[in-house]
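Inspection log for the structure reproduced underneath, given as structure tokens.
The values are calculated or read from the model by the stated rules, or taken from the named source; none is laboratory data. The structure presented is a predicted model; accordingly, all values stated were derived computationally and were not measured. All Cβ positions, even for glycine, are placed from backbone atoms using ideal geometry, and neighbour counts span all protein chains on display. Side chains included, ligands, DNA and RNA excluded: accessible areas come from the protein's heavy atoms. Shrake-Rupley method; radii C 1.70, N 1.55, O 1.52, S 1.80 Å.
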Amino acid sequence: MNPSTPQPLIVGITGASGTIYGVRLLERLRALEVETHLVISRWGARTLVHETRYTVEQVQALATYHYASTDQGAAISSGSFLTAGMIVLPCSVKTLGAIAHGIGDGLIPRAADVVLKEGRRLVLGVREAPLHAIHLENMLRLARMGVVISPPVPAFYNHPATVDDIVDHTVTRLLDVFGLHTSDTPRWDGVMEAGGRTRE
């Protein structure tokens, strides 16, 4: 692998609402020529079809490689397979709990467990509200292990005009965590103006 080429990234899409975040992440990673290894959970597939215009096959085609959520023999289930880490977006609280307690009964939590044991970057876009004590304790448990907990919370300083703007901004910030910096969406520049006026 060329040293300047980003390492492969594992992407998990679970059954929480917001599967469009995972789809857009894959589109952006493909544009950046990052090798991706995708796992869509059973309920992630169901939510995808319900919430978006995409089919499971179309989303799988955005990834370099994809695996069945039950395939414990997949390359990404081994620490000897080198990656930059993993992002689960959206991450359900069920998956959050499984990762927090080392329950690798599906490929997404198993791959996350491997990323943790190998000391690689793990990012969870936890999508749930309101949060109760178990959710918060699981997030704290993982944060203390170095996991980045980054719920897809919209920002408004960039004056989003569409849902796509909101999704793109969140994905840009998550790419930043892996050092994949892009200029596709506006960034905060420290200039504040009343009424959301656009600077000329």
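Below, the figures for the structure above:
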item	result
Only Lys, Arg (+1) and Asp, Glu (-1) charged, at Cβ; segment 59-200 dipole about Cα centre in debye	400 debye
GNM flexibility winner over the chain from Gly119, Gly85, Gly12 (Cα, springs under 10 Å)	Gly119
Among Val148, Thr170, Thr182 the positive-end extreme of the charge dipole of segment 130-197 (Cβ point charges)	Val148
Max mean-square fluctuation residue, GNM over the chain, Cα-Cα springs under 10 Å, options Val147, Val56, Val123	Val56
Per residue accessible area in Å² of segment 84-200, where ligands, DNA and RNA are left out and the probe is 1.4 Å	55 Å²
Fraction of accessible area attributable to carbon and sulfur, segment 68-150 (%, probe 1.4 Å)	54 percent
Cα-centred dipole magnitude for segment 84-165, charges only on beta-carbon of K, R (+1) and D, E (-1), debye, nearest 20	280 debye
Solvent-accessible area per residue for segment 37-83 (1.4 angstrom probe, square angstrom)	57 Å²
Computed helical MRE - 222 nm, the chain, DSSP H runs ≥ 4 contributing -39500 (n - 2.57), nearest 500	-11500 deg cm²/dmol
Residue (of Ile134, Thr47, Ser17) at the positive-pole extreme of the chain, dipole from beta-carbon charges	Ile134
Residue of Pro154, Pro109, Pro90 that the Gaussian network model of the chain assigns the largest fluctuation, springs spanning Cα pairs under 10 Å	Pro154
Between helix 133-143 and the chain: long-axis angle, C-alpha atoms, 0 to 90°, nearest 10	80 degrees
